[in-house]
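Inspection log for the structure reproduced underneath, given as structure tokens.
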Amino acid sequence: MDCHIYFQVFSSDSETSQLLRNVSEELNSIYSNSQPEPMNVKWKQGQMVIVRYHLDNQWYRGTITKVEENGKFTVQFLDYGNIETCSHEDLRSTLYMTDIPQLCLKGFFTSILPMTKNYRWKRDTLDFLHSLIVEQLCTITLDLSFTSNSYAISKIIMGKPPQDICQLLVTN
């Protein structure tokens, strides 16, 4: 599996935190009592949507990445990067907050590779990484010598005492 890390930039002068709050409050006030779209609505791959996240029942901006044959949809959450399977009832077609750019960035590790024959990450390793860093404040060092549509991450430091996540992945 690929190991894409989606992150948001927070700094003393960053507006990201306030924008995330504003988007969340606005979408949830609009969609909290909304009704699903009519069943005859045709959803398309690449379509921007408002999507309900099953774990917190909150509404977010997203993009349909796959229309599945079983009537489900694979949706990537625009401001967080997570990819979830959703049902018709979880999607809304009327968009709001479209003037705000995507609030997360996509990155990949440059300093480590998985120790597998095909250099693909195992799911349990990705789950371990996910459990460590999701919703945690981290310091990310970027390698600016890489050119790509993703950011090259050479180091992730988090916690007290500071812990190098790349080193932790290597030793575990």
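The values are calculated or read from the model by the stated rules, or taken from the named source; none is laboratory data. What you see is a predicted model; the values in this text were computed from it and never measured. Using ideal geometry, Cβ is built from the backbone for each residue, glycine included, and neighbour counts are taken over all protein chains shown.
Observations
- As for region 86-99, it holds at least one residue that is at pLDDT 95 or above, in contact with a helix residue (DSSP H, G or I) (Cβ under 7 Å, 6 or more places away or on another chain) and within 18 Å of TRP43 (Cβ to Cβ).
- Some residue of region 149-159 being at pLDDT 85 or above and of a type in the set (Phe, Trp, Tyr): yes
- In region 111-129, the residues that are within 19 Å of ILE140 (Cα to Cα) reach residues that are surrounded by 12 or more Cβ atoms within 10 Å (Cβ to Cβ) and among the charged types (D, E, K, R) with C-beta atoms within less than 7 angstrom, at least six apart or across chains, in these pairs: SER111/LYS155.
- Set side by side, the residues THR65, THR141 differ, and just one is closer than 20 Å to PHE7 by Cα, in the same structural domain as ASN22 (by TED's automatic domain parsing), of a type outside the set (Phe, Trp, Tyr) and not in a loop (DSSP other than H, G, I, E, B), which is THR65.
Yes/no matrix, rows are residues, columns are (1) farther than 25 Å from GLU135 by Cα; (2) under 19 Å from the mean Cα position of the chain (by Cα):
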| site | (1), (2) |
| --- | --- |
| LEU78 | no, yes |
| ASN82 | no, yes |
| CYS86 | no, yes |
| GLU89 | yes, no |
| THR98 | no, yes |
| GLN102 | no, yes |
| LYS106 | no, yes |
| PHE109 | no, yes |
| PRO114 | no, no |
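- Residue in region 9-17 that is more than 17 Å from PRO101 (Cα to Cα), at pLDDT 95 or above and of a type in the set (Gly, Ala, Ser) present: no
- Flag for LYS122 being closer than 29 Å to ILE165 by Cα and out of contact with any Gly (no Cβ under 9 Å at 6 or more places or on another chain): yes
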